[in-house]
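Here's the structure, in structure tokens; my notes come after.
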Amino acid sequence: MDSSEYEFIAGEGALGALDEILMDPLAADGWCVTDQLFDPVLIAELYQEVRQRHDLLPAKVGRHQSHRSHADIRRDKTGWLDGETAAQQQYLARMDTLRERMNRALYLGLQQFEAHFARFDQGDFYRTHLDALKGQRNRVVTSVTYLNSEWQAQWGGELVMYDGSGLEVTRVLPRAGVTVLFLSEEFPHQVLPALTSRYSIAGWFRVNSGLG
Ligand code: OGA
Ligand code: MN
């Protein structure tokens, strides 16, 4: 992808222009990657915010994985977005518009969105995992938006996605403003260790299954 060809598409109404680059691949393949969802100014504000947050804590893993210590599985430090800053509100509003758009285009019936800031320090990883268990229909679509203002390929830290049979589907460098969306139950994925701190917002569009 030649980034010079792309520009952030401003304005809420313009989200319609994202059909071709988001909804079509999501419907066809179950995943998509774009750098056109967020204003670069907002990404820079969120980057500044996450670097100033000193309350990010080692993330937990589900009880189904309790046979392994969680530091063997994931080493990211996370903190929920609660809309306490203008930048978070803008981010959450954009994601809510996207939620409605996905419901209209893909009939997913998504009801909620939750998101956390994540920091992977040098050497941190998240081993191959699924964000939702099949049939639970709780977390339906995963989003990850990357915040580092600069990211060089040799720093590593890629998101690697696999299909159901373990074949690699894609690899994404955590470059500022890039957002990945994928069906949470369908794509095992991992985060490779990086040479420097890696910042992102991971989010989940949910339905209320009643299963928790
Ligand atoms: C997660 C996750 C991917 C990434 O938080 O569940 O898989 O690229 N994150 O940060
Ligand atoms: Mn994940």
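The values are calculated or read from the model by the stated rules, or taken from the named source; none is laboratory data. Keep in mind that this is a model prediction, so the values were computed, not measured. For neighbour counting, all protein chains shown are included, and Cβ atoms are generated from backbone atoms with ideal geometry for every residue, glycine included. With ligands, DNA and RNA removed, areas are computed over all heavy atoms of the protein, side chains included. Shrake-Rupley method; radii C 1.70, N 1.55, O 1.52, S 1.80 Å.
Computed over protein heavy atoms with a 1.4 Å probe, the accessible surface of the chain works out to 50 Å² per residue. Rg and Dmax of the chain, both derived from C-alpha coordinates alone, stand at 16.3, 48 Å. Of the trypsin sites (Lys or Arg not before Pro) in segment 107-212, the ones in a loop by DSSP (not H, G, I, E or B) with at most 11 other beta carbons within 10 Å are 134.
Considering all C-alpha pairs of segment 89-167, those separated by over 17 Å amount to 61%.
Packing, taken as the mean count of other beta carbons within 10 Å per residue, orders the peptides 158-165, 78-85, 92-99 from highest to lowest as 92-99, 158-165, 78-85.
Using a Debye calculation, one point per C-alpha and no hydration shell, please list log10 I(q)/I(0) for segment 139-201 at q = 0.19, 0.26 Å⁻¹ in order. Treating every Cα as an identical point scatterer, log10 I(q)/I(0) equals -0.70, -1.13. The residues neighbouring residue 164, those whose beta-carbon lies less than 13 Å from its own, together hold a net charge of -4 under the Lys/Arg +1, Asp/Glu -1 convention. The local environment of residue 207, defined by Cβ-Cβ distances under 10 Å, has a net charge of +3 under the rule Lys, Arg +1 and Asp, Glu -1. Placing a pseudo-label 7 Å from each Cα along the Cα-to-Cβ vector at residue 85 and residue 163 gives an inter-label distance of 4.0 nm.
Using a 10 angstrom cutoff on alpha carbons, build the Gaussian network for the chain and name the most mobile of 71, 202, 132. The residue that fluctuates most here is 71. Taking other residues whose beta carbon is less than 10 angstrom from the beta carbon of residue 30, and scoring Lys, Arg as +1 and Asp, Glu as -1, yields -4. Reported to the nearest whole Å, the Cα centre-to-centre distance from segment 143-165 to segment 93-125 is 16. Between 108, 183, 37, the GNM of the chain built on Cα springs shorter than 10 angstrom shows 108 fluctuating the most.
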